[in-house]
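Student: My structure is below; once you've seen it, I'll send some questions.
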Amino acid sequence: MSVYDPKSPRAEEFINHEEVLASLDYAKENCHNEALIDEILNKARLRKGLSHREAAVLLDCDIPEKNAEIYALAEQIKKDFYGNRIVMFAPLYLSNYCINGCVYCPYHMKNKHIPRKKLTQDEIRREVIALQDMGHKRLAIESGEDPVNNPIEYILESIKTIYDIKHKNGAIRRVNVNIAATTVENYRKLKDAGIGTYILFQETYHKESYEQLHPTGPKHDYAYHTEAMDRAMQGGIDDVGLGVLFGLERYRYEFSALLMHAEHLEAAFGVGPHTISVPRIRAADDIDPSTFANGINDDQFAKIVACIRIAVPYTGMIVSTRESQKTRERVLHLGISQISGGSRTSVGGYAEEEPECESSAQFDVSDRRPLDAVVQWLMKLGYIPSFCTACYREGRTGDRFMSLCKSGKILNCCHPNALMTLKEYLIDYASPETRQVGEELIKQEILKVPSDKIRAIALQHLDDIEHGQRDFRF
Ligand code: SF4
Ligand code: SF4
């Protein structure tokens, strides 16, 4: 039996099964322990985060008044750290060739009826121009694992192609990468190619389930997959994105283990995850979500989002178009800092004239609205859609990004950056109605920048943007 050690490089020690089970027992025993819950909430109010055990107690808490406090605190932390800004991004699927056997994904190797496609560099150009014409500045590239069809050289070439495309006023300023677990050497190559965050979902932290859900292919190796973020950090990538696919295992197990993974990165490398994603399993070709017994309902989903927000205040949280407009609306204020919009989840989906071929999508998109509608919706709800990529471009990654968060300078930095990038969006891509809503919002929100000096500079830049200049940042 392995022993729990957050600093250990071994998956079975930092995601220690016995420790997860002990945390679940502890949470269950204390779900009604008002004194302990108060103590944990008081600690959480210091905004320095919680341990996985403490957060597990909040997740299990079944006292209605205390749950109301949990939601209120999550909302307050979200306001304090992220204000009303929501960063926008889009996924870009490069290739659905895959040699793995993940049973919840239609791209698994045995699926013989799904059309396989890998974008050429010219096709990538078309996709990226379509994304730029929507207004996107930040992409997450996705690819199946296939060393023959999608070797690292293909990924690197594609990243270069994406960064090189300058079309009208458009540019992709940050490429995040979601590809299979790989070697330190390959992570170093990705770092050198200028990627933003390296994202890899664990899918499930439960080793036995993991091995059953990934019966074949290199992804079957639980330790290699779980230790991928360590190798990414050793390769110089200090912004990493975690996530589990809720629905595969019991959500309480995933929740504790996910936070243990965050604690491990902090303990071993001094910097926690940049983002956490909270996808839930969705229908797709060959995939029926009802065959997975651990699906979570909207209430459980909201509670997970709130508890993650409280447990790791400095970590961004992402919700994708897998979730409906209604669900996204429900969780935005509880702690979400990034969302995708106008997404296509098939290879080549953006440049297609016809709506995307459903049968080749990785998952069904629930929120199908175009980006303009999503931007307008967010603004009408009082959020600022942000196309900011400043930190990455200023070299504020890893612990430097964390120190920006921890120093409380966010309002003098993220806020004007959000407004300036929104202004670019409104002028270059928005519909007249969206532009009108946005201009009003900018007028009100610019007043919230605390520093007189920064506010004055931001106002000048907003005017410069109106007169054709682009790409200002703090
Ligand atoms: S989840 Fe990823 S690795 Fe698994 S089959 Fe789908 S594309 Fe391949
Ligand atoms: S300034 Fe940095 S942390 Fe703030 S929104 Fe921009 S990229 Fe994110």
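Student: Give the residues of segment 364-416 that are more than 10 Å from ligand 2 (Cβ to nearest atom), outside any helix (DSSP H, G or I) and polar (S, T, N, Q), sorted by residue number.
Tutor: Selection gives S366, S407.
Student: Considering only residues that are more than 12 Å from ligand 1 (Cβ to nearest atom), more than 23 Å from V278 (Cα to Cα) and part of a loop (DSSP other than H, G, I, E, B), which ones fall in segment 179-221?
Tutor: Of everything in segment 179-221, those that are more than 12 Å from ligand 1 (Cβ to nearest atom), more than 23 Å from V278 (Cα to Cα) and part of a loop (DSSP other than H, G, I, E, B) turn out to be T183, A193, G194.
Student: Return the only residue of L419, L426 being closer than 15 Å to M88 by Cα, part of a helix (DSSP H, G or I), in contact with a Gly (Cβ under 9 Å, 6 or more places away or on another chain) and not assigned by TED's automatic domain parsing to the domain that holds T275.
Tutor: Answer to the check: L426.
Student: Let me ask you something else. Can we say S343 is touching a residue at least 40 places away in the same chain (Cβ under 8 Å), under 15 Å from the mean Cα position of the chain (by Cα) and not assigned by TED's automatic domain parsing to the domain that holds F201?
Tutor: Answer is no for this residue.
Student: Kindly establish whether Y187 is of a type in the set (F, W, Y), under 30 Å from F292 (Cβ atoms) and either under 20 Å from the mean Cα position of the chain (by Cα) or at pLDDT below 95 (or both).
Tutor: In short, no.
Student: Okay, next question. So which of T275, T321 is within 16 Å of ligand 2 (Cβ to nearest atom) and not basic (K, R)?
Tutor: T275
Student: Same structure again: For segment 307-352, name all the residues that are under 23 Å from G135 (Cα atoms) and part of a helix (DSSP H, G or I).
Tutor: Residues satisfying the conditions are Q325, R328, E329, L332.
Student: Same structure, new question: May I ask you to say which residue of S324, S346 is surrounded by fewer than 17 Cβ atoms within 10 Å (Cβ to Cβ), in contact with an Asp or Glu (Cβ under 7 Å, 6 or more places away or on another chain) and over 20 Å from Y82 (Cβ atoms)?
Tutor: S324
Student: On to the next question. State all residues of segment 16-37 that are surrounded by fewer than 16 Cβ atoms within 10 Å (Cβ to Cβ) and in a helix (DSSP H, G or I); if no residue qualifies, say none.
Tutor: E18, L21, A22, D25, K28, E29, E34, A35
Residue by residue, here is whether (1) out of contact with any Asp or Glu (no Cβ under 6 Å at 6 or more places or on another chain); (2) under 20 Å from E254 (Cβ atoms) holds:
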{"site": "D5", "(1), (2)": "no, no"}
{"site": "E12", "(1), (2)": "yes, yes"}
{"site": "L24", "(1), (2)": "yes, yes"}
{"site": "K43", "(1), (2)": "yes, no"}
{"site": "L46", "(1), (2)": "yes, no"}
{"site": "G49", "(1), (2)": "yes, yes"}
{"site": "P64", "(1), (2)": "yes, no"}
{"site": "A68", "(1), (2)": "yes, no"}
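Student: Given the criterion more than 14 Å from the chain's Cα centre (by Cα) and within 25 Å of F472 (Cα to Cα), identify the matching residue among S386, S366.
Tutor: S386
Student: Out of the residues in segment 78-97 that are more than 17 Å from the chain's Cα centre (by Cα) and of a type in the set (G, A, S), state the one that is nearest to ligand 2 (Cβ to nearest atom).
Tutor: G83
Yes/no matrix, rows are residues, columns are (1) assigned by TED's automatic domain parsing to the domain that holds G341; (2) within 16 Å of ligand 1 (Cβ to nearest atom); (3) closer than 19 Å to I410 by Cα:
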residue: P64; (1), (2), (3): no, no, no
residue: A72; (1), (2), (3): no, no, no
residue: F89; (1), (2), (3): yes, no, no
residue: L92; (1), (2), (3): yes, yes, no
residue: Y97; (1), (2), (3): yes, yes, no
residue: P115; (1), (2), (3): yes, yes, no
residue: K118; (1), (2), (3): yes, yes, no
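Student: Continuing with the same structure: Return the only residue of P115, P106, P151 being touching a residue at least 24 places away in the same chain (Cβ under 8 Å), more than 16 Å from ligand 2 (Cβ to nearest atom) and surrounded by fewer than 17 Cβ atoms within 10 Å (Cβ to Cβ).
Tutor: It is P115.
Student: Taking A68, is it under 30 Å from L411 (Cβ atoms) and assigned to a helix (DSSP H, G or I)?
Tutor: Considered against the rule, which asks whether it is under 30 Å from L411 (Cβ atoms) and assigned to a helix (DSSP H, G or I), A68 comes out as yes.
Student: Residue under question is S256, and the condition is that it be surrounded by fewer than 24 Cβ atoms within 10 Å (Cβ to Cβ) and not in a loop (DSSP other than H, G, I, E, B); does it hold?
Tutor: In short, no.
Student: Continuing with this model, one more query. Can you tell me which residue among F401, F363 is among the aromatic types (F, W, Y) and farther than 30 Å from P115 by Cβ?
Tutor: Criteria check complete, one pass: F401.
Student: Another one. Among the residues that make up segment 233-241, is at least one of them closer than 27 Å to I296 by Cα and in the same structural domain as D192 (by TED's automatic domain parsing)?
Tutor: The answer is yes, given that some residue of segment 233-241 is closer than 27 Å to I296 by Cα and in the same structural domain as D192 (by TED's automatic domain parsing).
Student: Tally time: how many residues in segment 71-101 are hydrophobic (A, V, I, L, M, F, W, C) and either free of Cβ contacts under 8 Å to residues at least 60 places away in the same chain or not in a strand (DSSP E or B) (or both)?
Tutor: 7
Student: Something else: Considering only segment 416-444, state which residues are over 25 Å from Q132 (Cβ atoms) and either of a type in the set (D, E, K, R) or in contact with a helix residue (DSSP H, G or I) (Cβ under 7 Å, 6 or more places away or on another chain) (or both).
Tutor: The answer is E440, K443.
Student: Another one. Can you go through L92, L156, L131 and tell me which one is surrounded by fewer than 23 Cβ atoms within 10 Å (Cβ to Cβ), at pLDDT 95 or above and of a type in the set (A, V, I, L, M)?
Tutor: L156
The values are calculated or read from the model by the stated rules, or taken from the named source; none is laboratory data. In this text the structure is predicted, and so the values were computed from the model without any measurement. So basically every Cβ, Gly included, is an ideal-geometry build from the backbone, and we count neighbours across all protein chains shown.
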